[in-house]
Amino acid sequence: MKVMIRKTSTGALSAYVPKKDLEEPIVAQELEGLWGGTITLANGWLLALPEMAVGTSLPITVEARRLSGGD
């Protein structure tokens, strides 16, 4: 699924899923560099992010895979 990752005005990371019209804060990430690992959204969704270069600028839309959680 397409997911837009961005930094909020407070510096926190959030994810927006256009197909679901859902925006949730990212509450946990598997890897410090974000890319290539999993992230957990505030609603419980676990998403796998693609491998990308360190320092990839935000906001960016990526193809993520939902592993579990939520409805």
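Answer with one residue from 3, 29, 67: the one whose Cα lies farthest towards the positive end of the charge dipole of the chain, charges on Cβ with Lys, Arg +1 and Asp, Glu -1.
3
Where the only charges are on Cβ atoms (+1 Lys, Arg; -1 Asp, Glu), what is the dipole of the chain about its Cα centre, to the nearest 20 debye?
160 debye
Setting aside same-chain residues fewer than 8 positions from residue 7, which aspartates and glutamates have a Cα under 17 Å from its Cα?
Partners within reach: 23, 24, 32.
Out of the chain, which GluC sites (Glu not before Pro) are coil in DSSP terms and have no more than 11 other C-beta atoms within 10 Å?
Of the GluC sites (Glu not before Pro), the ones in loops of the chain whose Cβ has at most 11 other Cβ atoms within 10 Å are 32, 51.
Distance between Cα centroids, segment 1-47 to segment 51-71: provide it in whole Å.
7 Å
Just so you know, all these numbers are worked out from the coordinates, no wet-lab data involved. Bear in mind the structure is a predicted one, so any value in this text is a computation, not a measurement. Quick reminder, even Gly has a Cβ in these numbers, built from the backbone with ideal geometry, and neighbours come from all protein chains shown.
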